[in-house]
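Here's the structure, in structure tokens; my notes come after.
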8 protein chains.
Amino acid sequence: MAKHKQQKYPDMNQEMTVFILLNVDGRYEQRIFDKLVALDEVREVHSVHGSIDIIVKVTLVRDLLSSDAELLSQFILATIRKWTGVISTQTLIPGISKIKTKENRLS
Amino acid sequence: MAKHKQQKYPDMNQEMTVFILLNVDGRYEQRIFDKLVALDEVREVHSVHGSIDIIVKVTLVRDLLSSDAELLSQFILATIRKWTGVISTQTLIPGISKIKTKENRLS
Amino acid sequence: MAKHKQQKYPDMNQEMTVFILLNVDGRYEQRIFDKLVALDEVREVHSVHGSIDIIVKVTLVRDLLSSDAELLSQFILATIRKWTGVISTQTLIPGISKIKTKENRLS
Amino acid sequence: MAKHKQQKYPDMNQEMTVFILLNVDGRYEQRIFDKLVALDEVREVHSVHGSIDIIVKVTLVRDLLSSDAELLSQFILATIRKWTGVISTQTLIPGISKIKTKENRLS
Amino acid sequence: MAKHKQQKYPDMNQEMTVFILLNVDGRYEQRIFDKLVALDEVREVHSVHGSIDIIVKVTLVRDLLSSDAELLSQFILATIRKWTGVISTQTLIPGISKIKTKENRLS
Amino acid sequence: MAKHKQQKYPDMNQEMTVFILLNVDGRYEQRIFDKLVALDEVREVHSVHGSIDIIVKVTLVRDLLSSDAELLSQFILATIRKWTGVISTQTLIPGISKIKTKENRLS
Amino acid sequence: MAKHKQQKYPDMNQEMTVFILLNVDGRYEQRIFDKLVALDEVREVHSVHGSIDIIVKVTLVRDLLSSDAELLSQFILATIRKWTGVISTQTLIPGISKIKTKENRLS
Amino acid sequence: MAKHKQQKYPDMNQEMTVFILLNVDGRYEQRIFDKLVALDEVREVHSVHGSIDIIVKVTLVRDLLSSDAELLSQFILATIRKWTGVISTQTLIPGISKIKTKENRLS
């Protein structure tokens, strides 16, 4: 993704993936689910039934001069945490990630 | 619901995706991370720093005659929960999921 | 229940039992208790006084082509989580269960 | 205990049902499950995968002169909480219960 | 303990002490504190600043034919849990208690 | 504030009451209970069955020149938190307390 | 800091530092952040994204004749806990603190 | 944001401040406290008595090409989480911070 930029400014814009765990008011759950799906930064939304209600996987483009947490603050405070029915959010920023590609799995 | 499909059984083996949230003893964290990656059913492993330590995304092949929870029990009890250093696990089974493909995002 | 079907499609419609732990606003507790009892799928309702307020035992008929979690989502999102006064719910799906019958106990 | 009183005071020995939520070390989970099933007072044992690991339904015979909580203490402290691998227990004593009988459900 | 009294049944109404841990909306905290103090069954009210906000010590007169938990339900559901600003309550029923009297301490 | 009292120092040693909530390993519960009772500063010990296992009421003599929290640290770190089987402790320091005396209640 | 007073009344007015962990309704988060910064007693405010939303570092001047917890109660109940959007607060009073000065670090 | 600075790279190594909340085994608390103080990256260590035991304030030098979370992982996994007696850690990365300087406060 965005390979050509990398030749000049290698690593300058990297992706950062985070998971957001939400507790929501059940009366707004469907609406919140749909609004999450509609956000460009959101890659996956899962409605679950444990001690939390929704897991969201988000990919943000890292801006090297601001911190990841600043970026995250801007994103979350301007969107999800503003919505009616969102009771609490916890964001988990992976320090180390291992994601298997389909090819990996088959080989 | 969708009875006629049963004659051909095209959907008999569907995938079920679950997320497992782990708290682990830090002295075993690297080893547990590596053992998770080595499991065939595991698709993603993320080391995080919130109230939990590791998020795992697992895909199991649904066996229609046993329940999802039975499958899950067999998988988790026989693997992760047996490992030294695993303090607690919480499994989240998505009831509704929306995953965007790369094509979706670009278009 | 539904014995005759079992001869032809053994296990095709099995029961799935789940426990739902609720935290509720005390002002709506009696009303929520009564609405839970009125649901066909609900077998037991217990008002307790620990870190949760109500335990519910629910039996759903498994639909083999959709996952247990899909079924559960449809049931919970359409009923309990829509009610005023329900603060949070956690659903526990047994993977392995052992229930003693009265006969077992006496013998 | 106190059998003879039952002739004159027919309500003197009532049953009290409680739920015990357990978190256990996964390496001992199967053994703890089996030991729970073997206890006379235990009616149901469910292995689950949420923020807790096992739900137990227990029926104790109420001894009117000691409190329910004393009885419970004697039972739990002498059994479950003594076992290797039991990390934490939470007991929930129902104040109000509604249990549907099979007849209720069919009619 | 107090064996001889049992002959006359003077202990048929014994006291049961419980602790109630409350989380409250801060805007109602003073009002809830005062309403707690005004309840006859309440012996102590402490405003604290940890993961809970108020600890209450309550003494109920045990009614031997109903269970402690029934009594407790009637008391809590009819009073505290009905009040505006009470977010959650957890009741702790002592199974074994040791309370030192002033004389004990001095001697 | 209240400077003149300092000349006479009548309030120099006041009592501070705190509650300590403990989670303990069940195998050590009886021993920990007994050791708590044996501490001079401990006024009440209650074995309970909720999300915590033991409630302790402690009275410390306030030393005006050190902070309450320093005193508490010295007490707790030197005693309870050193004992085998104590898994976690949470201390709650009342900011405002209302304790009814027996006379209050009767009048 | 305030050296000259110490000659006459050594330690009589000491500072007490506490941390307050807040969960807030996201719609009020920015407003609460600003109101916290405006309080004289507040030294640091950090918006975070874990299981809590805001960390506040507060310095209160100890009044030797009232307890730290009384002071804290007066401060928190009169300010933060009264604000719309504050869901829960937990106050942590350090018993032992070690703060490195810039000079310490460089040397 | 701050584009022109990139030419000179004066901000290439910025500080990132995080808070780490620890639960520890009380028998190791003093030793862990001392080891924390000895770490260069640690600025403040506070022993507290709430639902957590120790608050640590850490300053890491941001390495612009790796993410904050990667840095944090390397630091925490290589140090604190490896120590005997550390039961759990939660790291809070501030997205927005406001720290008053001494001058600010006095003026």
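The values are calculated or read from the model by the stated rules, or taken from the named source; none is laboratory data. This one's a predicted model, so the numbers in the text were calculated from it and none came from an experiment. We place every Cβ from the backbone using ideal geometry, glycine too, and count neighbours over all the protein chains shown. Only protein heavy atoms, including side chains, enter the accessible area calculation; ligands, DNA and RNA are left aside. Shrake-Rupley method; radii C 1.70, N 1.55, O 1.52, S 1.80 Å.
Just to be sure, is D:S97 open to solvent by less than 10 Å² (accessible area, probe 1.4 Å) and hydroxyl-bearing (S, T, Y)?
On the way: open to solvent by less than 10 Å² (accessible area, probe 1.4 Å): no; hydroxyl-bearing (S, T, Y): yes.
It is false that D:S97 is open to solvent by less than 10 Å² (accessible area, probe 1.4 Å) and hydroxyl-bearing (S, T, Y).
Looking only at residues that are open to solvent by 10 Å² or more (accessible area, probe 1.4 Å) and among the β-branched types (V, I, T) in the stretch E:45-61, which one is nearest to the other protein chains (Cβ to nearest Cβ)? So the residue we want is E:I52. Evaluation of C:V86 against the conditions (1) open to solvent by 10 Å² or more (accessible area, probe 1.4 Å); (2) more than 12 Å from chain A (Cβ to nearest Cβ); (3) in contact with a strand residue (DSSP E or B) (Cβ under 9 Å, 6 or more places away or on another chain); (4) not aromatic (F, W, Y) shows that the sole unmet condition is (2). State whether the residues of the stretch G:29-44 include one that is over 11 Å from the mean Cα position of the chain (by Cα), crowded, with 17+ Cβ neighbours inside 10 Å and not in a helix (DSSP H, G or I). Within the stretch G:29-44, not a single residue is over 11 Å from the mean Cα position of the chain (by Cα), crowded, with 17+ Cβ neighbours inside 10 Å and not in a helix (DSSP H, G or I). Consider the stretch G:41-78 and keep the residues that are within 19 Å of F:L92 (Cβ to Cβ) and among the aliphatic types (A, V, I, L, M). The one that is modelled with the lowest pLDDT is G:A69. Among the residues of the stretch A:62-77, which ones are open to solvent by less than 10 Å² (accessible area, probe 1.4 Å) and assigned to a helix (DSSP H, G or I)? Of everything in the stretch A:62-77, those that are open to solvent by less than 10 Å² (accessible area, probe 1.4 Å) and assigned to a helix (DSSP H, G or I) turn out to be A:D68, A:A69, A:L72, A:S73, A:I76.
May I ask you to verify whether B:I80 is within 12 Å of the chain's Cα centre (by Cα), more than 13 Å from chain D (Cβ to nearest Cβ) and open to solvent by less than 20 Å² (accessible area, probe 1.4 Å)?
Numbers: within 12 Å of the chain's Cα centre (by Cα): yes; more than 13 Å from chain D (Cβ to nearest Cβ): no; open to solvent by less than 20 Å² (accessible area, probe 1.4 Å): yes.
It is false that B:I80 is within 12 Å of the chain's Cα centre (by Cα), more than 13 Å from chain D (Cβ to nearest Cβ) and open to solvent by less than 20 Å² (accessible area, probe 1.4 Å).
Answer yes if at least one residue in the stretch D:62-77 is touching a strand residue (DSSP E or B) at 6+ places or on another chain (Cβ under 9 Å) and more than 9 Å from every other protein chain (Cβ to nearest Cβ), and no otherwise. Scanning the stretch D:62-77, I find at least one residue that is touching a strand residue (DSSP E or B) at 6+ places or on another chain (Cβ under 9 Å) and more than 9 Å from every other protein chain (Cβ to nearest Cβ), so the answer is yes.
Just give me the residues in the stretch H:56-87 being closer than 19 Å to H:L21 by Cβ and of a type in the set (D, E), in sequence order. Result: H:D68, single match. Checked against (1) modelled with pLDDT of 95 or more; (2) open to solvent by less than 90 Å² (accessible area, probe 1.4 Å), A:A2 passes all but a single condition, namely (1). Summed over the stretch H:27-50, the residues that are touching a residue at least 12 places away in the same chain (Cβ under 8 Å) and out of contact with any Gly (no Cβ under 6 Å at 6 or more places or on another chain) give a count of 12.
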